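Structure, as structure tokens:
The values are calculated or read from the model by the stated rules, or taken from the named source; none is laboratory data. Fair warning: this is a prediction, and the values are worked out from it, not measured in the lab. Cβ: placed from backbone, ideal geometry, glycine included. Neighbour counts: every protein chain shown. Heads up: the accessible areas ignore ligands, DNA and RNA and are worked out on the full protein's heavy atoms, side chains in. Shrake-Rupley method; radii C 1.70, N 1.55, O 1.52, S 1.80 Å.
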Amino acid sequence: MILVINGKPIEVAQGSSLKDIQKEFFRTSDVVIINGFQTNENIVLQDQDVLTFIEKGKMPNKEEFESFMSARHTPEVYEKVKKAKVAVAGLGGLGSNIAIMLARTGLGELLLVDFDQVEPSNLNRQCYTVKHLGLDKTEALKMQIEEINPFITVKIKTVKVSYDNLTELFSGYEVVCEAFDNPKSKAMLVNGLLQELDCKVVASSGMAGYFSSNSIRTEKKFNRLYVCGDGEHEAKQGSGLMAPRVSICAGHQANMVLRLLLDIESV
Amino acid sequence: MKVNSQQIKLEKECSIRDFLEKQNYNIQHIAVELNGEIVSKKKFEAITLKDDDEVEIVSFVGGG
């Protein structure tokens with residue numbers, strides 16, 4: 001039977017087990033992953049199983065690195081996701097975190113759009129670090145993603161999105177995440193994307209403060225729009241934006257993007 | 001008339017714009033779908049709502 005081992009298809013005897021393969025080829029490995037799941041059990045293998053053997057502390061070569069990075073992805077998921085093109089509009093509390101999550105998920109191409117620079121008050125919830133202060137958010141985030149997953153394509157546009165440029169910016173992207181701060185901009189982008197393009201839109205509304213985590217949800221609206229958030233708690237004086245709840249909303253958005261890439265339209 | 005899946009009584013036909021204002025929506029912060037099609041803001045005054053229409057309104061609050 002054929003197994004995919006550390007990214008390469010290899011012929012092995014029928015009835016081979018995980019420990020057989022480990023003993024024969026990867027004696028010094030200490031992390032074993034089968035079909036996206038890490039295990040210590042001695043499983044009997046089946047044709048087309050995808051295996052990864054990793055030795056902690058040993059720097060993989062370029063070839064092995066990509067297969068290790070994608071080892072934890074469920075194999076069929078990874079194949080679909082690595083062909084996908086997704087745009088994130090707004091790289092603040094929501095957008096920066098969404099982009100990092102999608103990068104870790106192994107998306108094929110990410111477009112990052114924001115006109116702004118990283119400043120210190122961003123650090124309470126956005127994914128940037130002290131070394132990014134003063135940089136364009138697009139550049140800073142691209143640098144971070146390159147250090148997390150060097151195998152995805154990251155394109156950046158350091159511009160302010162308007163009704164006039166959104167068609168050109170987002171054309172060709174199957175899903176666009178709305179991750180703006182200003183409600184007028186949110187409405188402008190969502191209206192523009194739904195009227196001018198045929199992408200799916202994953203938008204956001206309401207994630208301020210430290211209200212219950214359980215009130216953040218994803219709802220499907222119209223036929224191509226998903227809105228994540230509690231729909232109610234706007235950022236205002238006395239109710240700022242804080243990392244935990246903003247991250248929950250970002251997680252909702254990133255997960256909905258993933259579901260859409262896997263042709264799951266329900267929330 | 002159905003609005004966000006709830007049946008409401010439309011007292012008399014009015015424009016989308018008037019309806020939204022009466023319901024206290026901020027027109028700058030919303031997206032509207034009428035009978036399955038998204039409606040451009042420019043057309044809010046020109047389109048009249050009827051009793052058998054289905055409207056969906058999404059309203060955005062700030063923060064992100």
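A few remarks follow.
- Some residue of the stretch A:195-208 being surrounded by fewer than 22 Cβ atoms within 10 Å (Cβ to Cβ) and among the hydroxyl-bearing types (Ser, Thr, Tyr): no
- Selection within the stretch A:205-224 - more than 7 Å from chain B (Cβ to nearest Cβ) and not polar (S, T, N, Q): A:GLY209, A:TYR210, A:PHE211, A:ILE216, A:ARG217, A:GLU219, A:LYS220, A:ARG224
- Those strands (runs of 3 or more DSSP E) of the stretch A:21-124 in which at least 2 residues are at pLDDT 95 or above, considering only elements entirely within it, cover A:85-89, A:109-113.
- Yes/no for A:VAL202 being in contact (Cβ under 8 Å) with a residue 24 or more places away in the chain and at the interface with chain B (Cβ under 10 Å from one of its Cβ atoms): no
- Only listed residue being surrounded by 15 or more Cβ atoms within 10 Å (Cβ to Cβ), in contact (Cβ under 8 Å) with a residue 40 or more places away in the chain, within 14 Å of chain B (Cβ to nearest Cβ) and not small (Gly, Ala, Ser), chosen from A:LEU91, A:LEU111: A:LEU91
- Picking from residues in the stretch B:35-54 that are open to solvent by less than 50 Å² (accessible area, probe 1.4 Å) and within 11 Å of chain A (Cβ to nearest Cβ), the one that is modelled with the lowest pLDDT is B:GLY36.
- Counting only residues that are farther than 13 Å from A:LEU102 by Cβ and within 14 Å of another protein chain (Cβ to nearest Cβ), the stretch A:76-88 holds 0 of them.
- Complete set of residues in the stretch A:5-20 that are open to solvent by less than 40 Å² (accessible area, probe 1.4 Å) and in a strand (DSSP E or B): A:ILE5, A:SER17
- Any chance B:GLY62 is of a type outside the set (D, E, K, R), touching a strand residue (DSSP E or B) at 6+ places or on another chain (Cβ under 8 Å) and modelled with pLDDT of 95 or more: yes
- For the stretch B:3-34, the tally of residues that are open to solvent by less than 90 Å² (accessible area, probe 1.4 Å) and within 14 Å of another protein chain (Cβ to nearest Cβ) stands at 14.
- Hey, A:VAL159 modelled with pLDDT of 95 or more and either within 14 Å of chain B (Cβ to nearest Cβ) or open to solvent by 70 Å² or more (accessible area, probe 1.4 Å) (or both) or not: no
- Unique match (being touching a Gly at 6+ places or on another chain (Cβ under 8 Å) and surrounded by fewer than 18 Cβ atoms within 10 Å (Cβ to Cβ)) among A:VAL44, A:VAL31, A:VAL50: A:VAL44
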